[in-house]
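Visitor: My questions will all concern the structure given below.
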Amino acid sequence: MERILTRWLDIPDLRRLDVYEAHGGYKALRKALFDMKPEEIINEVKASNLRGRGGAAFPTGVKWSFIPKDSKKPVYVCCNADESEPGTFANRYQLENDPHGIIEGILITCRAVGAHTCYVYLRGEFNLQKRRLDEAIAEARAKGYVGPDVMGSGFGVEIYTHRGAGAYICGEETGLLESLEGKRAYPRNRPPFPAIQGAFGCPTVVNNVETLTNVPHIITRGADWYKSIGPEKSPGPKLFCLSGHVNKPGLYELPMGYPLKDLIYEVGGGILGGKKLKGVIPGGSSFPVFTAEEAVKVAMDFDSVRAAGSLMGTAGVMVMNEDTCMVDALKTIAHFYHHESCGQCTPCREGCGWIEKLLTDLEAGRGRMEDLEILIDAATNMEGNTVCVLADSLSMPVKSFVPKYRDEFEAHVRLGRCPFRDVHGEPAEKSHAAAAAAR
Amino acid sequence: MPKVTIDGREIDAPEGVNLIQAAERAGIEIPHYCYHPGLSIVGNCRMCLVEVEKAPKLQIACNTRVADGMVVHTKSERTIRAQKAVLEFLLINHPIDCPVCDQAGECKLQDYYMDYDAQASRFPLGKKNKKGKAIDVGSGVMLDQERCVLCARCTRFFDEITHTSELAIFQRGDHCEVDTYPGHKVDNKYAGNVVDICPVGALTEKDFRFRMRVWYLHRTPSVCAGCERGCSIDVYHHRGRIYRYKPRHNPAVNGYWMCDEGRHGFPALQNETRLTAPLVQDKDRLVPEGWAPALRRLASRILESGNAHGANSIGAVIGAQSTNEEAFALKHLMLDTLGSERVATVSWSPAGASGDDELLLRANKNPNTRGLAALGLPAHGLDALADAVAAGELKILIVMRADLVRMLGEEEFVRRFGALDYMVVLDTDANETCQMANQVLPIAAYPEIEGSFTNFQGRVQRLHQAFPPPGQALPAIEALARLGHALDGGARPSAAKDVFAQMADAEAGFRGLTLEALGPDGAELTGLRP
Ligand SMILES: Cc1cc2nc3c(=O)[nH]c(=O)nc-3n(C[C@H](O)[C@H](O)[C@H](O)COP(=O)(O)O)c2cc1C
Ligand code: SF4
Ligand code: SF4
Ligand code: SF4
Ligand code: FES
């Protein structure tokens, strides 16, 4: 398949403006500025069925159309580059290698919604990535692509980059806006939605890096071309972040709807050490896990994954082989959400910690059978009752791991220890090796 | 008006109110922690989750405005499950210090647990997170981080009401804690309000803690006498002692708040210096006597002087600490009974007192300056009285609730008023002026009487008697009625409502008002009313 989003693999130095332009860069922007009305840009993106890559899969064109047309206040575009979902590492490569692709996407989006300012919110650790993006913005500004008069069109856009201080919750779009405004990243209650009251109380579009990089291609090649890639309702090229127990983990660009089985066994080169597959989380850690049997039947697009009982989220595909202790895996996930819960709302603040404590005890063999019910109960009580969906992001793994791998959870209780470890607490594999060596 | 149906009852709710307020109108409680009508909405506690038909998820009532046709269930299975869940979550890391917690008895966590949860804990005691306890954050506020439910009411109060932002929430997740910024403390004239709005025992008042279990306290609505704002308050008392003041909501005067000066004003009312019996000068001492001899003595001095030197040989000073009724009664006595025109008022604030600010505090520390003006009494007039003393015309001075010696300084007082033949003081405390008096009559402090103050906006607000005055002290209007009787044998009303009625007849500003009809928010002076 032709590489669209990862062209840097074919084109050295794509991050440089001259190279980017030599390969057709900024043509889409020119088209959007001079040949299309803002309404037409929005309609084209709507027609393309592009859906947000940040996790929620919301139709991008529809989101843009919520921005009031005659807003008396300024409109803002925010590019979400906080990329902090576990197992997710697409945006960082894009920022490093294709910053102009992002800038072009931003500029077209600004044109579409009538924004003259874009803030790029980068995760705190994105040092190199911010530098690359800043360099590219400087180049684009020097060329008159960013600034008060983009390409002489009279339409001005300023792009500011802002690095967070390292909190997962800053990626949640309203937490991002609060943080951008200089406040603690407490997600906001909705309504009002950012399209009506976003950054600084003004209408705001928040889009993920990857979402925005699809835009120039849609403008250049049209919605019909775009829809022809993958399933029509969930189309497009997609960046998959493959990690865990596979032989070739990494970032892969594949069409939407690509079979998960092929992603693991073909693209990913199969399970590490020739072991058996135990489970896959398809979308970053926030979503229900697939068992091996479920996983091999799933096509990787938003609707298919949802139909199969999970969500594709960020397409951070985490593969776990038969040696994985699923109690331990869930405990690790719980630790993350406990650590990252902003602590604003009661169910998430208290629930995440409770769940981690329960899992810590279970994993250490100190759990009780009734804890399994409490886990499900606590997770259920968090779900849907909070300000943002971080709570659901722990609830969903809990509510899938526990029933799907119940025998493992029960074994921990029955044995009073982790079955994947020996009586000394060493990983079982290691103790086999030690025993073999001793023999 | 949008019509909403809550638990099967149709309610007309004004546009813009949220579901908590709409339900309240129908007497339906939707439990809540973070929502406070005087603060912005944050929707973080999730205690107010309710089922709204057509919405897939439960909705927080605090952030849901009424809309016509909305159907809400506050007691459905889903709502109840959410309520129990939120309470269970809140209690996971809660220390449950109730036996030693000052909030016990008025704690929303206790109350809601009993009303909406009442199930055994599923969380082992030993695994609770530990946080700071008994932290003195400043301005008399004590913080217990373990008891905090992180509703952000206190932080919003300092952010939105005082704009000083002394408290903030630090850390994340269940490690979150309210605290001050490093090296800073709460330093704020309104800090006590955060104690009031804290729904649990996380913020308590240094002065109040461990002094009285709240269930022993009685609450009497009243008015703060700390300045001419006259914030509506509740007086909390037990066996004739006041333990605390809390602001009482009055949209026309103080909203939900009061200042700390006013809040901490009550100890002055229960000092050792309170007068409990009439006193009379005996050489260089004041000695107690009964009311009957005291009033006989005073009446005969007044009558003698009137006969010998004319009515204007008697004068009166009315302090702006006096109630409307007290001031009216003394004015009436002077003008109508005695026929003297020598009445002055004193509206004095000590040097160094706080000035006007943007929230509530007023530089004038008298609760009834405006009331005295509305009674047509002259502002000040002390100079005229002093001149009359100097001219040998003024012989007897009646001083009610005005500490002239403290105000003028002893030397100045003696220079101006030293030549008086006789001075009688009606006051609550043995102040410096009493020491110079020939007679002292002990009167009740304002939590001990019925009556009214008129605040600087012209709002007449009602005082209620919380408990009787100490010893033989009498409400000033009763003392004046008895004095009047001793002077002319005539009967005078001594109940506040009757004096008020007389005042409403005689004084244009009070026309049409009655004490009973003032209501909890008070009422504006006539002429101010449209
Ligand atoms: C806890 C949490 C963390 C999130 N983190 C990110 C993130 O790092 N990057 C991102 O693009 N979206 C993140 N999102 C999703 C955003 O809220 C939002 O849906 C997205 O930025 C919208 O862009 P899109 O429509 O282009 O996907 C997060 C959501 C939640 C609930
Ligand atoms: S759900 Fe969790 S992360 Fe989201 S606002 Fe509530 S406490 Fe914060
Ligand atoms: S805050 Fe309430 S529940 Fe907690 S210890 Fe105090 S009285 Fe008990
Ligand atoms: S200290 Fe009290 S008011 Fe402040 S956040 Fe905690 S519970 Fe709420
Ligand atoms: S009162 Fe509604 S969420 Fe707290």
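Visitor: Once phi is turned into ³J(HN,Hα) by the Karplus curve 6.51 cos²θ - 1.76 cosθ + 1.60 with θ = phi - 60°, what whole-Hz value does each residue of region B:182-199 show in order, with x for glycine and proline?
Guide: x, x, 10, 10, 5, 9, 7, 6, 10, 4, x, 4, 5, 5, 4, 8, 5, x
Visitor: FRET efficiency for A:Arg366 and A:Glu293, Cβ-Cβ distance as r, R0 = 35 Å, nearest 0.05?
Guide: 0.65
Visitor: Still on this model: Which ordering of A:Met300, B:Met407, A:Met369, B:Met334 is given by a fewest-first count of other beta-carbon atoms within 10 Å?
Guide: Least to most surrounded, the residues fall as A:Met369, B:Met407, B:Met334, A:Met300.
Visitor: Scan around A:Ser153 for amide H atoms under 5 Å from its own, H built in the peptide plane at 1.01 Å from N, and keep only partners 5 or more places away or cross-chain.
Guide: none
Visitor: Could you list which residues have their amide H under 5 Å from that of B:Val425, counting only those 5 or more apart in sequence or on another chain, with H placed in the peptide plane?
Guide: B:Val399, B:Gln439, B:Val440, B:Leu441
Visitor: Springs between alpha-carbon atoms under 10 Å, Gaussian network over chain A: tell me which of A:Tyr265, A:Tyr121, A:Tyr226 tops the mean-square fluctuations.
Guide: A:Tyr265
Visitor: Between region A:99-132 and region A:73-93, what is the separation of their alpha carbon centroids in Å?
Guide: The distance from the Cα centre of region A:99-132 to that of region A:73-93 comes to 9 Å.
Visitor: Let me ask something additional. Tell me the label-point distance for the pair A:Glu2, B:Tyr216, using the 7 Å Cα-to-Cβ offset, in nm and rounded to one decimal.
Guide: The two pseudo-label positions are separated by 8.6 nm.
Visitor: R0 = 25 Å: FRET efficiency of B:Ala134 with B:Glu272, Cβ-based, nearest 0.05?
Guide: It comes out at approximately 0.25.
Visitor: On to the next question. Among the aspartates and glutamates, which have Cα under 18 Å from the Cα of A:Lys261 when same-chain residues fewer than 8 positions away are ignored?
Guide: A:Glu253, A:Glu293, A:Glu294, A:Asp301, A:Asp303, A:Glu322
Visitor: Still on this structure: Run through region B:117-218 and list the chymotrypsin sites (Phe, Trp or Tyr not before Pro) located in a DSSP loop whose Cβ has at most 15 other Cβ atoms within 10 Å.
Guide: Those satisfying the criteria are B:Phe210.
Visitor: Compute the angle between helix A:38-48 and the longest alpha-carbon principal axis of chain A, please, reported from 0 to 90 degrees and rounded to the nearest 10.
Guide: Helix A:38-48 sits at roughly 40 degrees to that axis.
Visitor: Follow-up question, since we're still on this one. Listed here are the pairs A:Lys275/A:Lys297; A:Lys357/B:Lys130; A:Lys227/A:Lys248; B:Lys108/B:Lys206; A:Lys238/A:Lys297; which of them are more than 23 Å apart at the Cα?
Guide: Values: A:Lys275/A:Lys297 19 Å; A:Lys357/B:Lys130 14 Å; A:Lys227/A:Lys248 29 Å; B:Lys108/B:Lys206 20 Å; A:Lys238/A:Lys297 19 Å.
From A:Lys275/A:Lys297; A:Lys357/B:Lys130; A:Lys227/A:Lys248; B:Lys108/B:Lys206; A:Lys238/A:Lys297, over 23 Å: A:Lys227/A:Lys248.
Visitor: Among the listed pairs A:Lys331/A:Lys404; B:Lys54/B:Lys84; B:Lys3/B:Lys54; B:Lys133/B:Lys189; B:Lys189/B:Lys365, give every one whose C-alpha distance is greater than 21 Å.
Guide: Result: B:Lys54/B:Lys84; B:Lys133/B:Lys189 exceed 21 Å.
Visitor: Moving on. Given a Förster distance of 22 Å, report the FRET efficiency between B:Asp282 and B:Gln472 from their Cβ-Cβ distance, rounded to the nearest 0.05.
Guide: 0.80
Visitor: Quick check: residue separation of B:Gln119 and B:Ser165 times 0.36 nm, minus the Cα distance between them. What number comes out in nm?
Guide: Length difference between fully extended and current span is 12.8 nm.
Visitor: Further question: Which residue fluctuates most in the GNM of chain A (Cα springs below 10 Å): A:Gly257, A:Gly198, A:Gly309?
Guide: Taking springs between Cα atoms under 10 Å, the residue moving most is A:Gly309.
Visitor: For A:Asp224, project a label point 7 Å along Cα to C-beta. Then give me every residue of region A:99-116 with its amide nitrogen under 17 Å of that point.
Guide: Label zone hits: none.
Visitor: For the protein assembly as shown, what D do you get in µm² per second when you plug the Kirkwood radius from alpha-carbon pairs into Stokes-Einstein at 4 °C and 1.567 mPa s? Intermediate values should be presented prior to the final figure.
Guide: Details: Rh = 33.3 Å.
My calculation gives 39 µm²/s for D.
Visitor: If each residue of separation counts as 0.36 nm, what is the full-extension length gain between B:Ala292 and B:Ala495 once their alpha-carbon separation is subtracted? Intermediate results must be reported in sequence, preceding the final value.
Guide: Values: separation 203, 0.36 × 203 = 73.08 nm, distance 1.94 nm.
Net length gain for the segment: 71.1 nm.
Visitor: Determine which lysines satisfy two conditions relative to B:Lys497: a Cα distance under 18 Å, and not lying fewer than 8 residues away in the same chain.
Guide: B:Lys331
Visitor: Measuring from a point 7 Å past the Cα of B:Gln435 along Cα-to-C-beta, which residues in region B:275-318 have an amide N at less than 20 Å?
Guide: Only B:275-288 pass the distance filter.
Visitor: Here's another thing I want to ask about it. On a 0 to 90° scale, report how tilted helix A:99-113 is relative to the longest principal axis of chain A, with both axes built from alpha carbons and the result rounded to the nearest 10.
Guide: Taking Cα atoms only, the helix is inclined about 70 degrees.
Visitor: Still on this model: Run through region A:279-368 and list the trypsin sites (Lys or Arg not before Pro) located in a DSSP loop whose Cβ has at most 12 other Cβ atoms within 10 Å.
Guide: Counting only loop positions with at most 12 other Cβ atoms within 10 Å, the trypsin sites (Lys or Arg not before Pro) in region A:279-368 are A:Lys297, A:Arg368.
Visitor: Using only Cα atoms, locate the centre of region A:186-201 and the centre of region B:6-30, then give the distance between them in Å, rounded to an integer.
Guide: Between the Cα centre of region A:186-201 and that of region B:6-30, the gap is 26 Å.
Visitor: Of B:Met1, B:Met47, how do they rank once you tally other Cβ atoms within 10 Å and put the fewest first?
Guide: Neighbour counts put them in this order, fewest first: B:Met1, B:Met47.
Visitor: In nm, give the distance between the simple-model label positions of A:Arg306 and B:Asn307, each being 7 Å from the Cα along the Cα-to-Cβ direction.
Guide: For A:Arg306 paired with B:Asn307, the spin-label model returns 10.3 nm.
Visitor: Is any residue of region A:100-130 close enough, with backbone N under 15 Å, to a label point placed 7 angstrom from the Cα of A:Glu21 along the Cα-Cβ axis, and if so, which?
Guide: A:100-101, A:104
Visitor: Taking 0.36 nm per residue of separation and subtracting the Cα-Cα distance, what length does fully extending A:Lys31 through A:Ser153 add? Intermediate results must be reported in sequence, preceding the final value.
Guide: On the way: separation 122, 0.36 × 122 = 43.92 nm, distance 1.11 nm.
Additional length available on full extension: 42.8 nm.
Visitor: For region B:9-21, in order, what is each residue's ³J(HN,Hα) by Karplus, 6.51 cos²θ - 1.76 cosθ + 1.60 with θ = phi - 60°, in whole Hz (x at glycine and Pro)?
Guide: 9, 7, 10, 8, 10, x, 3, x, 6, 8, 5, 5, 5
Visitor: To continue, here is another question. Suppose a student asked you for the relative contact order of region B:217-341, using Cα pairs under 8 Å spaced at least 6 residues apart; what percent would you report?
Guide: 13 percent
Visitor: Right, another one. Taking the simple approach of a point 7 Å from Cα along Cα-to-Cβ for both A:Lys275 and B:Ser40, what is their distance in nm?
Guide: 4.9 nm
Visitor: For region A:5-142, compute the number of Lys pairs whose alpha carbons are separated by less than 22 Å, excluding pairs fewer than 8 positions apart on the same chain.
Guide: 14
Visitor: If you don't mind, another one. Would you mind checking the tilt of helix A:127-142 against the longest principal axis of the Cα atoms of chain A, expressed as 0 to 90 degrees and rounded to 10?
Guide: Orientation of helix A:127-142: about 10 degrees from the principal axis.
Visitor: Further, regarding this structure: DSSP loop GluC sites (Glu not before Pro) in region B:283-349 with at most 15 other Cβ atoms within 10 Å of their Cβ, which ones?
Guide: B:Glu341
Visitor: Let me ask something else. Quote the relative contact order of region B:279-528 in percent (integer), defining contacts as alpha-carbon pairs under 8 Å separated by 6+ residues.
Guide: 20 percent
Visitor: Could you size up the charge dipole of region B:91-177 around its Cα centre, putting +1 on the beta carbon of Lys and Arg and -1 on that of Asp and Glu, and report it in debye to the nearest 20? Walk me through the intermediate numbers first.
Guide: Values: 11 positive and 14 negative charges, 92 e Å.
That gives a dipole near 440 debye.
Visitor: In addition: If you find the alpha carbon centre of region B:288-337 and of region A:236-268, how far apart are they in angstrom?
Guide: Taking the Cα centre of each part, region B:288-337 and region A:236-268 sit 99 Å apart.
Visitor: Here is a follow-up. Once amide H atoms are placed 1.01 Å from N in the peptide plane, what residues at a sequence separation of 5 or more from A:Lys238, or on another chain, have their amide H within under 5 Å of its amide H?
Guide: Answer set, sorted by chain and number: A:Leu254, A:Met256.
Where a number appears in this text, it was derived from the coordinates with a stated rule and is not lab data. Predicted model, so just to flag it, every value in this text is computed and none were measured. Because the Cβ atoms are built from the backbone with ideal geometry, glycine has one as well, and the counts that use them run over all protein chains shown.
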